[in-house]
């Protein structure tokens, strides 16, 4: 569904809304282009989408969704296919152009702050592997709080466990990885109430430790963002491995549907509600 309530400060050009100001972002210049070549065939992006959608179906009341820092629109496209009005807010022009190739219509090339949406006007915000790219994460989450309607929801995914930090995190422009308790504490301090939180990708921490963390410790993989390597990591061509992983992915989806927690995984998924102030 076409979104029409855009701030007058935005400039429409070739079907994309642009802000007048452009801030620096902690994300590699080639990031969106590389992801665009990987996303459609990636078990990781596919499973993350399914987890996010199940959480949204369970907790959201209003079918309008702002995908902040949503890159190439891979999540936004999945939401639109479920008849959820979705607005992609992405500061990188390459990501916006790729989202347009996917057929998305509601695209804003900007940060949320520079787009000039009104405070307390957005019912649902998604931050999917975005917060780890923000140096001052609490300040950023406070801004998200201000834009949400009273009782509005924020849906977040972030990479888990600082112990898994490797050269891949450096190349990706990350400032940190999180434990669930850490991101929950920051959200509660701001004024959010946690509706649901869990780890996802329960079988990935050990492979990440052995194939990313250890090589990084010993000085290997100094430049880890090789596209061929990334494509290989994101695809599961072995049928037995595919069956093994699908068992766990299905288990995770069922737990999210029921509101149950997964106690271990390489990513965190959090749903938090803006508490209505009296």
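For first residues located in segment 14-37 and on the phi > 0 side of the Ramachandran plot and at pLDDT 80 or above, partners that are surrounded by fewer than 17 Cβ atoms within 10 Å (Cβ to Cβ) and part of a loop (DSSP other than H, G, I, E, B) and lie 6+ apart or on another chain with Cβ distances below 8 Å form the pairs 15/105. Can you spot a residue in segment 114-122 that is modelled with pLDDT of 95 or more and either closer than 25 Å to residue 165 by Cβ or within 15 Å of the chain's Cα centre (by Cα) (or both)? Within segment 114-122, none of the residues are modelled with pLDDT of 95 or more and either closer than 25 Å to residue 165 by Cβ or within 15 Å of the chain's Cα centre (by Cα) (or both). Looking only at segment 41-58, decide whether some residue is in a helix (DSSP H, G or I), modelled with pLDDT of 95 or more and over 17 Å from the mean Cα position of the chain (by Cα). There is at least one residue in segment 41-58 that is in a helix (DSSP H, G or I), modelled with pLDDT of 95 or more and over 17 Å from the mean Cα position of the chain (by Cα). A single member of 94, 61, 77 is touching a helix residue (DSSP H, G or I) at 6+ places or on another chain (Cβ under 9 Å), outside any strand (DSSP E or B) and more than 18 Å from residue 11 (Cα to Cα), and it is 77.
All conditions but one from (1) under 22 Å from the mean Cα position of the chain (by Cα); (2) at pLDDT below 95; (3) not in a helix (DSSP H, G or I) apply to residue 237; the one that does not is (1). So residue 64 clears everything in (1) buried (at least 22 other Cβ atoms within 10 Å of the Cβ); (2) touching a strand residue (DSSP E or B) at 6+ places or on another chain (Cβ under 7 Å) except one condition, right? Which one? (1) is the only condition that residue 64 fails. Only one of the listed residues (254, 260, 246) is modelled with pLDDT of 95 or more, assigned to a helix (DSSP H, G or I) and surrounded by fewer than 18 Cβ atoms within 10 Å (Cβ to Cβ). That residue is 254.
Go through segment 118-142 and report how many residues are outside any strand (DSSP E or B) and either within 14 Å of residue 18 (Cβ to Cβ) or in contact with a strand residue (DSSP E or B) (Cβ under 6 Å, 6 or more places away or on another chain) (or both). Residues flagged as outside any strand (DSSP E or B) and either within 14 Å of residue 18 (Cβ to Cβ) or in contact with a strand residue (DSSP E or B) (Cβ under 6 Å, 6 or more places away or on another chain) (or both) within segment 118-142 amount to 4.
The values are calculated or read from the model by the stated rules, or taken from the named source; none is laboratory data. Predicted, not measured: the structure shown is a model, and the values here were computed from it. Note that we place each Cβ from the backbone using ideal geometry, even for glycine, and neighbour counts take in every protein chain shown.
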